[in-house]
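Chemist: Let me begin by handing over the structure; questions about it come next.
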Amino acid sequence: MGVQQGPAPACQPIRIESHLDGSSDRSLAEDVLDGLTRPFKELPPKHFYDSRGADLFDQICELPEYYQTRTERTILEERADELAELTAANELVELGSGTAAKTRVLLDALQAAGTLERYVPVDVTESMVRGCAEALVEEYPGLTVHGVIGDFERHLAHVPVAQGPRIVAFLGGTIGNFPPGSRRRFLREIGRLLGPEDHLLLGADLVKDPRVLQAAYDDSRGVTAEFNRNVLRVVNRELQAEFDPEDFEHVALFDEHHEWIEMRLRARRELTARVSALDMCVHFDAGEELRTEISAKFTRERLQGDLAAAGMELTHWLTDPDELFVLSVSRPAA
Ligand code: SAH
Ligand code: AVI
């Protein structure tokens, strides 16, 4: 249930709604119960992002091997004015907004064009939504922020009704973290946030040399390995479990058939860990793996196909000279 934190008369620049209210614990419990009792163990990647996981992700974005963030930022810097003119957007809805670091490039352009009125960040990490709302109303006088703390797979209906031309942004390549079937379903849900004149700005990582991909997910400083193991720390804290994250080795491999990266945690020894909140024990054989994330890589055909299946038409394909990453623009199909 949505809980509005404090009164929010029209003159208040910040309004934050939380839709988690303990349901995030339930969702983790369900995912652990379901994902850790299967023959091939799996957890969804959204559970990486407690505040430590969000910090680790920020560190990943600064790594030399992780080209995605700086490449997307450069594309945005080069094309933001064009996007502002194309969309004439009053508002920017951002899914998985994080620290909104790159978003500022777009907000700057919309402000310079004189159209910017409202920013709507949607993220499962409460501290991210609150922190960026406070920072942005300081940085952009006159901007209102309507933050939605929630799971974008369950709570998109709580995104407020559009107040004018809208951009929905889903940056960073997070669309690649969905498996193909749910990716199309999710894009269809996103389409429901768009009116006929609105635009979707979707960042996606492109297929490339597997060695470049491998290095991006297995960096030399071991930050990605820590990010990967963080999911076990989250399970320990939230569900009173007794995993020792050091019992697990970080594995990142490029699946050439599916053209996606898989991150896994591989048990270094046979072990059994109690999960007290669920009154259960989880057994791993030595070498057994838990899949923690897929990160799909795209070609133009793949993304266009996914968008078309979700009722959207690709209109612009903005990429860097090395074609590492794309910022795609699409609209509801006529
Ligand atoms: N958009 C930022 C952050 C990407 S990291 C960038 O481009 O750098 C992915 C973000 O999505 C994190 O902030 C994480 O908290 C959020 N996230 C992941 N799964 C989510 C879910 N199911 N619902 C809402 N937010 C989610
Ligand atoms: C958020 N998402 C797009 C990142 C990715 O590249 O798939 C998460 C990540 N996993 C390992 N490094 C970064």
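The values are calculated or read from the model by the stated rules, or taken from the named source; none is laboratory data. Fair warning: this is a prediction, and the values are worked out from it, not measured in the lab. Don't worry about glycine lacking a Cβ; one is built from the backbone with ideal geometry, like all the others, and counts go over all protein chains shown. We work out accessible area using only protein heavy atoms, side chains counted, and drop any ligands, DNA or RNA first. Shrake-Rupley method; radii C 1.70, N 1.55, O 1.52, S 1.80 Å.
Chemist: What number of residues within the range 106-118 are surrounded by fewer than 20 Cβ atoms within 10 Å (Cβ to Cβ), touching a residue at least 24 places away in the same chain (Cβ under 8 Å) and not charged (D, E, K, R)?
Modeler: The number of residues fulfilling the criteria is 4.
Chemist: Which members of the range 285-304 meet the condition of being within 21 Å of the chain's Cα centre (by Cα) and exposed (fewer than 15 other Cβ atoms within 10 Å of the Cβ)?
Modeler: Filtering the range 285-304 for residues within 21 Å of the chain's Cα centre (by Cα) gives 290-300, 302-304.
Residue satisfying the conditions is 299 alone.
Chemist: Condition (residue is surrounded by fewer than 20 Cβ atoms within 10 Å (Cβ to Cβ), within 20 Å of the chain's Cα centre (by Cα), within 16 Å of ligand 2 (Cβ to nearest atom) and of a type in the set (Asp, Glu)) applied to the range 182-193: is it met by at least one residue?
Modeler: no
Chemist: Right, here's the next one. Of the residues that sit in the range 259-283 and are of a type in the set (Asp, Glu) and surrounded by 15 or more Cβ atoms within 10 Å (Cβ to Cβ), which one is farthest from residue 51 (Cα to Cα)?
Modeler: Going through the range 259-283, the residues of a type in the set (Asp, Glu) turn out to be 259, 262, 270, 279.
Next cut, surrounded by 15 or more Cβ atoms within 10 Å (Cβ to Cβ) only: 259, 262.
Details: 259: 30, 262: 23 Å.
Per the stated criteria, the residue is 259.
Chemist: What is the residue count in the range 84-128 for residues that are more than 16 Å from ligand 2 (Cβ to nearest atom) and β-branched (Val, Ile, Thr)? Before the answer, list the steps.
Modeler: Here is the first cut: in the range 84-128, the residues more than 16 Å from ligand 2 (Cβ to nearest atom) are 84-93, 104-120, 126-127.
Narrowing further to those that are β-branched (Val, Ile, Thr): 87, 93, 105, 115, 120.
Residues flagged as more than 16 Å from ligand 2 (Cβ to nearest atom) and β-branched (Val, Ile, Thr) within the range 84-128 amount to 5.
Chemist: When you scan the range 60-74, how many residues do you find that are touching a residue at least 12 places away in the same chain (Cβ under 8 Å) and within 12 Å of ligand 1 (Cβ to nearest atom)?
Modeler: The total comes to 8.
Chemist: On to the next question. Which residue pairs have Cβ atoms closer than 6 Å, lie 6 or more positions apart in sequence or on different chains, and pair a first residue in the range 29-54 that is among the acidic types (Asp, Glu) with a second residue that is in a helix (DSSP H, G or I)?
Modeler: 42/35; 50/234
Chemist: So is residue 320 at pLDDT 95 or above and open to solvent by less than 40 Å² (accessible area, probe 1.4 Å) or not?
Modeler: Values: at pLDDT 95 or above: yes; open to solvent by less than 40 Å² (accessible area, probe 1.4 Å): yes.
Judged against the criteria, residue 320 is a match.
Chemist: Going through the range 43-91 one residue at a time, which ones are assigned to a helix (DSSP H, G or I), hydroxyl-bearing (Ser, Thr, Tyr) and within 14 Å of the chain's Cα centre (by Cα)?
Modeler: Keep residues of the range 43-91 that are assigned to a helix (DSSP H, G or I), which gives 45-48, 51-61, 67-87.
Now drop any that are not hydroxyl-bearing (Ser, Thr, Tyr), which leaves 51, 67, 69, 71, 74, 87.
Scanning the range 43-91 gives a single hit, 69.
Chemist: For the subset of the range 228-258 comprising residues that are open to solvent by 50 Å² or more (accessible area, probe 1.4 Å) and of a type in the set (Asp, Glu), which member is nearest to the chain's Cα centre (by Cα)?
Modeler: Keep residues of the range 228-258 that are open to solvent by 50 Å² or more (accessible area, probe 1.4 Å), which gives 233, 237-238, 240, 242, 244, 246, 249, 253, 256-258.
Then drop every residue that is not of a type in the set (Asp, Glu), which leaves 238, 242, 244, 246, 249, 256.
Values: 238: 21, 242: 28, 244: 26, 246: 26, 249: 24, 256: 23 Å.
Of everything passing the filter in the range 228-258, 238 is nearest to the chain's Cα centre (by Cα).
Chemist: Considering only the range 119-127, I want to know if a residue exists there that is within 16 Å of ligand 1 (Cβ to nearest atom), surrounded by fewer than 23 Cβ atoms within 10 Å (Cβ to Cβ) and not β-branched (Val, Ile, Thr).
Modeler: Checked the range 119-127: at least one residue is within 16 Å of ligand 1 (Cβ to nearest atom), surrounded by fewer than 23 Cβ atoms within 10 Å (Cβ to Cβ) and not β-branched (Val, Ile, Thr).
Chemist: So residue 326 passes all but one of these: (1) surrounded by fewer than 20 Cβ atoms within 10 Å (Cβ to Cβ); (2) over 30 Å from residue 235 (Cα atoms); (3) among the β-branched types (Val, Ile, Thr). Which condition number does it fail?
Modeler: Only one criterion is unmet by residue 326, namely (1).
Chemist: Residues that are within 15 Å of the chain's Cα centre (by Cα), within 16 Å of ligand 2 (Cβ to nearest atom) and at pLDDT 95 or above: does the range 130-148 have at least one? Walk me through how you get there before you give the answer.
Modeler: Within the range 130-148, the first condition is being within 15 Å of the chain's Cα centre (by Cα), and the residues that meet it are 148.
Retained after the next criterion (residues that are within 16 Å of ligand 2 (Cβ to nearest atom)): none.
No, the range 130-148 contains no residue that is within 15 Å of the chain's Cα centre (by Cα), within 16 Å of ligand 2 (Cβ to nearest atom) and at pLDDT 95 or above.
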